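Step one of this worksheet: look at the structure below.
Derivation of every value follows stated rules applied to the coordinates shown; laboratory data play no part. The structure displayed is predicted, hence computed values, not measured ones. All Cβ positions, glycine included, derive from the backbone under ideal geometry; neighbour counts span all protein chains shown.
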Amino acid sequence: QGTFAVHSKSLGVTISEYSILWTINGALIVFAQPLLTPILRWFGDDLKRQLMTGTGIFLLSYLIVPFAGGFKMFLVAMIILTIGEMFIWPAVPAMAARLAPIGKEGEFQGYVNIAASAGRMISPTVGGLIYDLSGMSAVFLTLIGLILLAGVVFLRAIPKTTS
C-alpha cells in the first residue's frame with residue numbers, strides 16, 4: 001500500500017483521491033457483499049474454485065495499475081481488487097479450517113491471521129526496498145509473481161472439494 005501511494009502521487013493522484021480509493025474499497029466490502037453473496041453461493045463448497053476466481057480477479061487489478069495514468073484508472077483497479085478480495089478473504093480461513101486436523105480448526109485459522117498480519121507488517125518495507133533498488137516496474141512484477149504463486153498453490157495444494 002505504501003509503495004502504491006508513492007506511485008499514485010507520482011502520477012498526479014492527490015492524497016484526497018488516494019484516500020477516496022481506500023474509502024471505496026471499504027464501502028464496497030460492506031455494501032456490495034449482499035450483491036456478491038448469490039455468486040459465492042453458486043460456488044457452494046468448492047472453495048478452490050472460489051479462490052482461483054478471486055486470484056484471477058486480483059491479478060487483473062494488478063495488471064491494470066501499471067498502466068493507470070491517473071485517478072480514474074486507479075479507481076477501476078481498486079474496484080476490481082476489492083471484488084477479488086471479496087472472493088478470496090472469506091475462503092482462506094474457511095479452507096484453513098477444512099484442512100485442519102479435527103479440534104485444531106481455530107488454531108489453523110489463527111495461523112492464517114498471523115500470516116496476513118506478517119504480510120502487512122513486512123510488505124511496505126520490502127516493497128519500498130524493491131522500489132528504491134529497482135523501481136516501480138520491479139514492484140509490479142514482484143506482486144504479479146506473488147499472485148501467480150498464490151494461484152499455483154491454490155491450484156496444486158488444495159483439493160477440489162473438501163468437507
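The simple spin-label model puts a point 7 Å past each Cα toward its Cβ; for I122 and K104 those points are separated by 2.2 nm.
Extending 7 Å from Cα along the Cβ direction at R41 and again at V153 yields two label points whose distance is 3.2 nm. Taking the longest Cα principal axis of the chain as reference, the axis of helix 71-99 is set at about 20 degrees. The angle separating the long axis of helix 15-31 from the principal Cα axis of greatest extent in the chain is about 20 degrees. Helix 136-157 and the longest principal axis of the Cα set of the chain meet at an angle near 10°. Output the Kirkwood hydrodynamic radius of region 2-157, Cα pairs only, in Å rounded to one decimal. The Cα-based Kirkwood calculation yields 16.8 Å. Residues M136, M121, arranged from fewest to most other Cβ atoms within 10 angstrom of their Cβ, appear as M121, M136. Would you mind getting me the FRET efficiency between I144 and S16? Use the beta-carbon distance for r and R0 = 25 Å, nearest 0.05. After rounding to 0.05, the efficiency reads 0.30.
For the chain, with the dipole built from +1 on Lys and Arg beta-carbon atoms and -1 on Asp and Glu ones, taken about the Cα centre, which of A116, V30, L148 lies farthest toward the positive end? It is L148, whose Cα lies furthest towards the positive end. Within the same chain, aspartates and glutamates fewer than 8 places from K9 are excluded, and of the rest, those with a Cα less than 14 Å from its Cα are E17.
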